[in-house]
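Below: one structure, written as structure tokens.
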Amino acid sequence: MAVVEKYILAIITMDETKATGGTAIFICKTKEEMDLYAKNLEAILDGIAHGIGDDMYVIVKH
């Protein structure tokens, strides 16, 4: 049986056209707001935030 070990917990972005689908998506208005969401969601979800370009973070469980 396969065990899922790595998965996306959340997406944080300023460009809502870049994220759709089956995970939590947080749309922010500023870079500062994105940084705050990423920092807090890392701790809350026990994941790691990875920056994808200047306008997106993904929170991943490793």
How many residues does segment 47-62 hold that are assigned to a loop (DSSP other than H, G, I, E, B), closer than 23 Å to V3 by Cβ and either modelled with pLDDT of 95 or more or in contact with a Ser or Thr (Cβ under 9 Å, 6 or more places away or on another chain) (or both)? 1
Only one residue in L45, L41 is surrounded by 17 or more Cβ atoms within 10 Å (Cβ to Cβ), at negative phi and not polar (S, T, N, Q), so which one is that? L41
Mind checking whether some residue in segment 8-15 is in contact with a His (Cβ under 8 Å, 6 or more places away or on another chain), surrounded by 15 or more Cβ atoms within 10 Å (Cβ to Cβ) and not hydrophobic (A, V, I, L, M, F, W, C)? no
Please specify each residue of segment 21-44 satisfying the condition of being in a helix (DSSP H, G or I), touching a strand residue (DSSP E or B) at 6+ places or on another chain (Cβ under 7 Å) and of a type in the set (G, A, S). A38
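The values are calculated or read from the model by the stated rules, or taken from the named source; none is laboratory data. This structure is a prediction, so every number in the text was calculated from the model and none was measured. Positions of Cβ are backbone-derived with ideal geometry, glycine not excepted, and every protein chain shown enters the neighbour counts.
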